[in-house]
DNA sequence: CCTTTCTTTGAAAACGTTTCCATATAAATG
DNA sequence: CATTTATATGGAAACGTTTTCAAAGAAAGG
């Protein structure tokens, strides 16, 4: 493997000059630049990444932590982030935490070992106090997940409001006994959604049915099980809020196969506007998030922090959702008429 | 940031001894080991990754190239690969090529710049001759995509056979005018599938309808468009083979909304057994791939190559599929009766 | 008791860059 | 023309590890 030294010798110049060419720095005459480029080509020279990183103390790489890449929401998020980052010459590495505290910290460790310059966290399973010390090693930006009183930039949607509106919509359709299906971990985001759900109930004078709150309902399969439970144990339930289109799809699927009519017997709303939600029959009412906008902003904010580390106080960017009403919740107008 | 030198000083020992502790090497007395561990803890010392990589010439990282992570097939593949790799202490970096020749080469460059020790390619858009030279810089393993007469290990399914069986199944259901919808790039894998499709037609004495071959049909949206085209231009088509569950879902969706009966008016088979295919109404007949097995084997093979670079001649592992017959293609038995 | 082998330690070289500093020449300024 | 200033180049230090080599003491073998 050819080194910079070999190139320098072949071109009859010094390492320093070669380095200047590699890094597009000024103060190299065109003639020598050409000589060096040719030498590099001749030797098939490629700069050694570890050596550059060691010396320059930069990796031009950022880590994005997410629960699991197979969740399309995060898949799309990372897709956009990567595109944006590469425009700035940054590489992205995908870190799946699987909602494990240990893995989350393992990946934050990348910051300490200087494998990445900065980190984006799209979920947060550890206590903030545990995460905060890593800030010493480099900037962290929160995207999607958020947390009050935290000295890092945040880019996210107002999940409380989204849940509030979804729930109001269910109530407007005539639902009076609502179930609440939530994901696995008690993140801040999950609590916000629950708060929005409760507020809507309260405003309309409906009861919050404690027993009809189910936890750890994440995948399609969980949604199917949840429906069976509703059918057997809570037959009075006539509307379901869930923070996941997969779960909503599982409910619609199982309900249809059990002879229940969606939405008349049970109205369902999901979250994230995944392709799945549109394709189901009936199509699932859902909440669309401005994924690309959030991803782009996140990367911009992080890179600004990297470039001017003396950045201003961390800002917060809140985006708004869009409720997409579809047939899984919109009761036939014949009833209203 | 504390360095190994700081630790050595605090413990009153040499860098070498500290390094031995870091790397779990023998020849350190327990007492000194404890002293060093304590010093490391006290200083919050973490070894610098770039320095280790530079000196040891290993990164313990492998790159996995794939078209797009938002495709669930690749999402699941990477999920399994990551799990397996981490068991061996290897990190995985996800490289989305978006079917671009340039990006594919850019990522192969990671091998040259020594950012990764080895590469898994799950798709291949460049000519093999272009890729081959990168083998000098490290091992490459092909998973999913394959290619005859290539000096690298291959782990994949027999796509020709899978397409052959799917097509036979369509014919068995009474279809006589089959359309063939294929993905974007003319990979070897795509050609194998087409060959299987043609063989089935030939065996059963059915014509291969050149005009009913559509290319660049990849996403749900493409499937919907494809259906419209079939409806308007090729109303005689009564069966569709497609190498993607998304496309199949798009067809089922659009057909249902246009009043066509699936499978009676049009039978459809997809590929990959994505959740989507089960949830559609009607559920989509599809081909299941042994994703986990292939992923695990791929990582094992690659790591073996990394450990004993004087490995034996590259082996080839071929896995078999499973055709999952569902309602999108299984004509009502009332017809058969 | 002498020789060999094993264990324990550290000094110094090496990995391949970038960066700092010094120097030399060319161009600009007064 | 003397003095700055800008341009062009190279030598050597630095980044933080691992690895090689040498050396010294302890244990084992005869």
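Looking at chain B, the DSSP beta bridges with both ends there are about 10 percent antiparallel.
Shown here is the pair-distance distribution of the range A:246-337: with all Cα-Cα distances grouped in 10 Å bins from zero up to the longest one, the shares run 15, 33, 21, 15, 11, 5, 0 percent. For chain B, the relative contact order works out to 16 percent when only alpha carbon pairs closer than 8 Å and six or more residues apart are counted.
Our summary gives the range A:4-47 a relative contact order of 42 percent, counting only alpha carbon pairs under 8 angstrom and 6 or more residues apart. Under the criterion of Cα pairs below 8 Å and six or more residues apart, the relative contact order for the range A:62-168 equals 24 percent. With respect to chain A, whose longest principal axis is taken over its alpha-carbon atoms, helix A:245-257 is tilted by about 40°. Note on residue A:128 and residue A:204: their simple-model spin labels are 3.2 nm apart, each label 7 Å out from Cα toward Cβ.
Measuring r between the beta carbons of residue B:58 and residue B:278 and using R0 = 51 Å, the FRET efficiency lands at 0.75. Starting from the label point of residue B:34 at 7 Å along Cα→Cβ, the same points in the other copies fall at 6.9 nm, in ascending order. Where the alpha-carbon atoms of the range B:4-47 are placed on the principal axes, they occupy 23, 18, 15 Å, in descending order.
Spacing of the modelled spin labels on residue A:135 and residue A:105, each 7 Å from Cα toward Cβ, amounts to 1.9 nm. Divide the volume of the convex hull around the Cα atoms of the protein assembly as shown by the residue count and you get 204 Å³ per residue.
Averaged over the residues of A:106-114, the number of partner chain Cβ atoms lying within 10 Å of the residue Cβ comes to 3.
Between 0 and 90 degrees, the angle of helix A:101-112 with respect to the longest Cα principal axis of chain A falls at about 20 degrees. Label-to-label distances for residue A:23 across copies, nearest first, come out at 2.9 nm, using points 7 Å from Cα in the beta-carbon direction. Between A:158, A:238, A:172, the residue with the greatest mean-square fluctuation in the GNM of chain A (Cα pairs under 10 Å linked by springs) is A:172. On a 0 to 90 degree scale, rounded to 10, what angle separates helix A:30-43 from the longest Cα axis of chain A? Taking the Cα atoms of chain A, the angle to A:30-43 is about 70 degrees. Ranked by the mean number of other Cβ atoms within 10 Å of their residues, highest first, the peptides A:262-273, A:135-146 come out as A:262-273, A:135-146.
Averaged over peptide A:35-47, the number of partner chain Cβ atoms lying within 10 Å of each residue's Cβ comes to 1. Springs between Cα atoms under 10 Å define the GNM used for chain B, and in it the highest mean-square fluctuation of B:163, B:261, B:249 occurs at B:261. Counting from the shortest, the label point at residue A:199, 7 Å from Cα toward Cβ, is 6.2 nm from the same position in each remaining copy. Using r as the Cβ-Cβ distance of residue A:215 and residue A:2, and R0 as 56 Å, what FRET efficiency do you calculate, to the nearest 0.05? That gives a FRET efficiency of 0.45.
Just to be sure I understand: of the beta bridges DSSP finds with both ends in the protein assembly as shown, what percent are antiparallel, rounded to 5?
Percentage antiparallel, nearest 5: 10.
Over all distinct alpha-carbon pairs, what is the Kirkwood Rh of chain A in angstrom?
Hydrodynamic radius (Kirkwood, Cα only) of chain A equals 22.6 Å.
None of the figures in this text is laboratory data; all of them are computed from the coordinates on show. These numbers come from a predicted model, not from an experiment. A quick note on method: Cβ atoms are made from the backbone with ideal geometry, for glycine too, and the neighbour counts reach across all protein chains shown.
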